[in-house]
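Colleague: Below you will find the structure I want to go over with you.
Just so it is clear, none of the values below were taken in a lab; they were calculated from the coordinates. Note that the structure is predicted; figures quoted are calculated from it, not measured. Using ideal geometry, Cβ is built from the backbone for each residue, glycine included, and neighbour counts are taken over all protein chains shown.
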C-alpha cells in the first residue's frame, strides 16, 4: 500500500510538472514558428553566425523529436509541431548555406563543419553549475580578439587550410583559452573552443600544460568553470534588469551552456523575458531594443579601437533586426524546448 502511494504521488508530481511545462512549450513553439518564418523570408541576408544559430536549433529539434519518434506519443501535438519545425529547417538551411558559400566563401569554408546539425552533440544528461567556481571578479576588458579565436577554432576543425590536420592546439591557443577571469564574449568563446574540440573528437587540448596548478584539470572541469561564471554573468545581467546591450551575451550564455548540459540555464523566468524580446511582427530579435543597433555599433567600434573585439561578426539587418541575437535566441529557445520535452523521457509522460 505504501509503495502504491509513493508511485501515485510520483505520478502526480510528474503530471504537475508536465502541465506547467506544457504552457511553456506552447509559447516556445509559437516563438520558434515566428523565428523560422523570419528565417525563411530573410535567410539571404543573415550572416554565418546567425545561420549557425539556426543550425544548432535544428540539432536541438531533431534531438527532441528523436526521443519520442518510436513511442506511442509520437503523434502528440507538441512533438508533431516540433517535427514540423524540423522539416521546415530541412528545406531552408541548405539554401542559406548555398547563399553563404557565395557571399562569404572564405568564412564559410573555415566554419563549414559547424553548419551541420550532426556536428552538435545535444545532451541527454543534465548537471548544474557550481557557484563556488565563480571568479571573485572579472577582468575589466576582454581577453583576446576575434581573429585569434577564429584561428584557434579552425586549427581544431582542420579548416585552417585545405585538407588541414584537425585538432591542432598551439601553446598560444591553449594558454588563451584557459585564462581565468575573462568576461562576456571572451568567456563564452573559451567555452565554445572546448565544446568544438570535444565534438570534433580532439583529446589533446590540455596536453603540454606547463602550469603545475592546472596539471589535474580536465576539459570537462574547464567547461564547468566557464559555465559557472557565465551563470554569474547572467545573474548579474538579470539583477540589472537586462539592459539592451547585455541581452545578446545573456542569451548566448544560455545557448552554449545549455548545449554543454547545464540545465540551470533553462530558468523559467529568463525564458519569459526572452520571449518578450522577440519582435511580434518580424519574428526576429534585437529590433529597437533601447536603440540596440546604435548601442551595438558603439560597443563594436570601441572594441575595435581597443583591438579587443571578440564578439563574432554582427550584422544589423535593414529592418533593425540583429542577425547574431536572432540566431542565438532561436537556438536558446530550442534548448528550452528540447529540455522540456526530453526531461519526460524517463516516464514517457504525455506533454499534452
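Colleague: Per-residue counts of other Cβ atoms within 10 Å, averaged by peptide: what ranking do you get for 167-179, 94-106, 146-158, 50-62, highest first?
Modeller: Result, highest mean first: 50-62, 146-158, 167-179, 94-106.
Colleague: A further question follows. Where the centre of each part is set by its Cα atoms, how far does region 139-174 sit from region 17-57, in angstrom?
Modeller: Here the answer is 29 Å between Cα centres.
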